[in-house]
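*Asks:* The structure follows.
The values are calculated or read from the model by the stated rules, or taken from the named source; none is laboratory data. For clarity, every value in this text was computed on a predicted model and none was experimentally measured. Virtual Cβ from ideal backbone geometry, glycine too; neighbours counted across all protein chains shown.
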Amino acid sequence: MPAEAAKVERFRCVIYLCGAPNTDITAPRQECTEYAEAFGWEITGLIEERAGLLSPHGRDGLGRAVEHIKSGEAGAVLTAWRSMISSVPQEYDEVAREIEKAGGLLHVKDSAHSERRVTR
């Protein structure tokens, strides 16, 4: 059997980060990158936007992340905190369903994140 037949593709993800204008998201970017690497996930894209309180459906970057799923480039959208998708549970659930319908999953690195941790 040729060696290529036994090759297993790595799971692929796109990292999506969203913060308020002028917010430093270096730490969550690094945490998500390390998290993906710890699981052996291949990072196919890194999308960052400064949309603040804009609805998830009004964000170009989030739409591009979902396109990574629809095109088969990635199997998951990885984000640092639930609030980077939406702090409104119904909006968060809508985005998760949209990603699942596209054949992927929405993975939150730290779902128990509290805003006080941002000010380390």
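*Asks:* Which of the residues that make up the range 51-72 are surrounded by 12 or more Cβ atoms within 10 Å (Cβ to Cβ), over 13 Å from the mean Cα position of the chain (by Cα) and among the charged types (D, E, K, R)?
*Replies:* Arg59, Lys70
*Asks:* Let me ask something else. Has the range 32-40 got any residue that is in a strand (DSSP E or B) and either among the hydroxyl-bearing types (Ser, Thr, Tyr) or closer than 20 Å to Glu9 by Cβ (or both)?
*Replies:* no
*Asks:* Scan the range 104-116 and report the pairs whose first residue is more than 16 Å from Cys13 (Cβ to Cβ) and surrounded by 10 or more Cβ atoms within 10 Å (Cβ to Cβ) and whose second residue is modelled with pLDDT of 95 or more and of a type in the set (Gly, Ala, Ser), with Cβ atoms within less than 9 Å and a gap of 6+ or a chain change.
*Replies:* Hits for this filter: His113/Ala80.
*Asks:* Related question: Inspect the range 31-41 for any residue being touching a helix residue (DSSP H, G or I) at 6+ places or on another chain (Cβ under 7 Å), small (Gly, Ala, Ser), within 16 Å of His107 (Cβ to Cβ) and surrounded by 17 or more Cβ atoms within 10 Å (Cβ to Cβ) and give the result as yes or no.
*Replies:* Looking through the range 31-41, none of the residues is touching a helix residue (DSSP H, G or I) at 6+ places or on another chain (Cβ under 7 Å), small (Gly, Ala, Ser), within 16 Å of His107 (Cβ to Cβ) and surrounded by 17 or more Cβ atoms within 10 Å (Cβ to Cβ).
*Asks:* Considering the range 1-31 alone, what residues qualify as being assigned to a helix (DSSP H, G or I), at pLDDT 85 or above and not β-branched (Val, Ile, Thr)?
*Replies:* Ala27, Pro28, Arg29, Gln30, Glu31 - these are the residues of the range 1-31 that are assigned to a helix (DSSP H, G or I), at pLDDT 85 or above and not β-branched (Val, Ile, Thr).
*Asks:* I need every pair where a residue in the range 40-57 that is within 16 Å of Thr26 (Cα to Cα) has its Cβ under 9 Å from the Cβ of a residue that is among the hydroxyl-bearing types (Ser, Thr, Tyr) and modelled with pLDDT of 90 or more, sequence separation at least 6 or different chains.
*Replies:* Gly45/Tyr16; Leu46/Tyr16; Leu46/Thr33; Ile47/Tyr16; Glu48/Tyr16; Glu49/Tyr16
*Asks:* Looking only at the range 73-92, filter to residues that are without any contact (Cβ under 8 Å) to a residue 12 or more places away in the chain and among the polar types (S, T, N, Q); which one of those is surrounded by the most Cβ atoms within 10 Å (Cβ to Cβ)?
*Replies:* Ser87
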